[in-house]
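The values are calculated or read from the model by the stated rules, or taken from the named source; none is laboratory data. Keep in mind it's a predicted model, so treat the numbers as computed, not measured. Don't worry about glycine lacking a Cβ; one is built from the backbone with ideal geometry, like all the others, and counts go over all protein chains shown. Ligands, DNA and RNA are stripped out before the accessible areas are found, and what is left, the full protein with its side chains, is counted by its heavy atoms. Shrake-Rupley method; radii C 1.70, N 1.55, O 1.52, S 1.80 Å.
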Amino acid sequence: MKIGIPKEQKDNESRVGLTPAGVGQLVLDGNEVFVQKGAGINTGITDEEYIKSGATIVETNEELYENAKLIIKVERPLLSEIKLLKPHHILYSYLHLAAQKEATLELLKSGATCIGYETIILKDGSIPILSPMSEVAGKMAVQVGSYYLQKNNGGMGKLLGGVPGVERGKVVVLGAGVAGQSAIKAAFGLGAEVTAIDIDVNKLRYLDDSYKSQITTLYSTPKNIEKSVASADLLIGTVLIPGGKTPCLVTKEFISSMQKGSVIVDVAIDQGGCFETSKITSLENPTYSVDGVVHYCVGNMASAYPLTSTLSCENSILKYARAIACRGLKGACEIYPELLGGINIKDERVTCRKVADSLNLDYVGVGF
């Protein structure tokens, strides 16, 4: 199959679909790989490294889409990129369509088959390609939260870990999935007072056992959320409905009850966010304030660490890419049944129920 690795067009998106190692494996399998000039430069990868791995460098996005059938990306394509998609294309990328109706409608019009990394789900409920980015984002949430708690960055000036004789910072994490557990681990490691909130009692039990009751675990109810939010110095939202729009769990009134100079980080913003006051921001302009509370709502926050993110993502996406390239999409789904759930759009129809329900669009099965 002819495979294309484009340069990401989204503002401040520094990740790349595959490294030279991944490209080399696809070439070894007998595929032809095209890489857009400069695609890996922000990850520290040169065009020469791709050439040594057997790739052909092309100058423009247009040339790449014209040559390739399978497009391997990181971020959902911009509208200008969607216009380059044709019915024969297979787009393989993070999509996060549940809160993006305009992009979804344009992808439907393109006729392309669109596979979303975030809806490839294993039988045990794990999401193998989303998990690496969730790990990065969860750890990063505590890091950026601590940074913005600094007085010179708009925060109240509280050190999360405190010092002897001084109260520690309070970190509240909504959601105890992969991102939430990564955030909890990072916050606990800094010495903060940590509260984890989730609707899954088994996850709460796991956390209580893992941290030997040194963190607080709460079942997710409006009352528990309201009380915890009011006392939080750093509030982190990691709630995930795979493929669906994130439920809004924290109202504007809850946010207004927080201390001035406290910080919230909405890791779930790509799927709509779990705070009523959230609106998507960029790495260039990452924060804004509402009622004196600093909001960090960057949609592609893992792009701040493109090398780590690209490598960890490649570890999960490569086996599916190889199967698609060598056996076609139907054949790949026979080997990896979970890949079937990753198909969000096919034949100009929405084939992921959660996306369809979130956007009030018709749903049809994939039809293999």
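Some points to look at:
- For the range 172-205, a residue qualifies if it is part of a helix (DSSP H, G or I) and without any contact (Cβ under 8 Å) to a residue 24 or more places away in the chain, and the qualifying residues are Gly189, Val201, Asn202, Arg205.
- Condition broken by Arg76, with the remaining ones in (1) on the phi < 0 side of the Ramachandran plot; (2) open to solvent by 20 Å² or more (accessible area, probe 1.4 Å); (3) at pLDDT 95 or above satisfied: (3)
- Residue match in the range 307-314 (condition: surrounded by fewer than 23 Cβ atoms within 10 Å (Cβ to Cβ), more than 22 Å from Gly24 (Cα to Cα) and of a type in the set (D, E, K, R)): no
- Only residues that are open to solvent by less than 10 Å² (accessible area, probe 1.4 Å) and either among the charged types (D, E, K, R) or within 24 Å of the chain's Cα centre (by Cα) (or both) were counted across the range 180-208, and they come to 8.
- The residue that is nearest to the chain's Cα centre (by Cα), counting only those in the range 98-111 that are within 18 Å of Gly341 (Cβ to Cβ) and modelled with pLDDT of 95 or more, is Thr104.
- Qualifying residue in the range 117-126 (condition: open to solvent by 20 Å² or more (accessible area, probe 1.4 Å) and in a helix (DSSP H, G or I)): no
- Residue selected from the range 20-57 under the condition open to solvent by less than 20 Å² (accessible area, probe 1.4 Å) and of a type in the set (A, V, I, L, M), by the criterion nearest to Ala323 (Cα to Cα): Leu26
- For the range 321-350, taking the residues that are surrounded by fewer than 15 Cβ atoms within 10 Å (Cβ to Cβ) and of a type in the set (Asp, Glu), the one that is farthest from Cys114 (Cα to Cα) is identified as Glu334.
- Selection from the range 50-80 of residues that are in a helix (DSSP H, G or I) and in contact (Cβ under 8 Å) with a residue 60 or more places away in the chain: Leu64, Tyr65, Asn67, Ser80
- Entry remark, the range 243-256: residues being in a loop (DSSP other than H, G, I, E, B) and not charged (D, E, K, R) number 7 in total.
- Scan of the range 224-246 for residues that are out of contact with any helix residue (DSSP H, G or I) (no Cβ under 9 Å at 6 or more places or on another chain) and farther than 15 Å from Ala183 by Cβ, ordered by number: Asn224, Lys227, Ser231
- Residue under evaluation Lys83, criteria (1) of a type in the set (D, E, K, R); (2) at pLDDT 95 or above; (3) buried (at least 19 other Cβ atoms within 10 Å of the Cβ), criterion not met: (3)
- The residues listed here are Val265, Val355; of these, the one that is under 16 Å from the mean Cα position of the chain (by Cα) and closer than 24 Å to Asn152 by Cβ is Val265.
- Identity of the residue in the range 212-228, assigned to a loop (DSSP other than H, G, I, E, B) and more than 15 Å from Arg168 (Cβ to Cβ), that ends up most open to solvent (accessible area, probe 1.4 Å): Lys212
- Of all residues making up the range 265-299, the number that are touching a Ser or Thr at 6+ places or on another chain (Cβ under 8 Å) and either open to solvent by less than 20 Å² (accessible area, probe 1.4 Å) or touching a residue at least 40 places away in the same chain (Cβ under 8 Å) (or both): 17
- In the range 94-112, the residues that are farther than 13 Å from Ser316 by Cβ and touching a Phe, Trp or Tyr at 6+ places or on another chain (Cβ under 9 Å): Leu95
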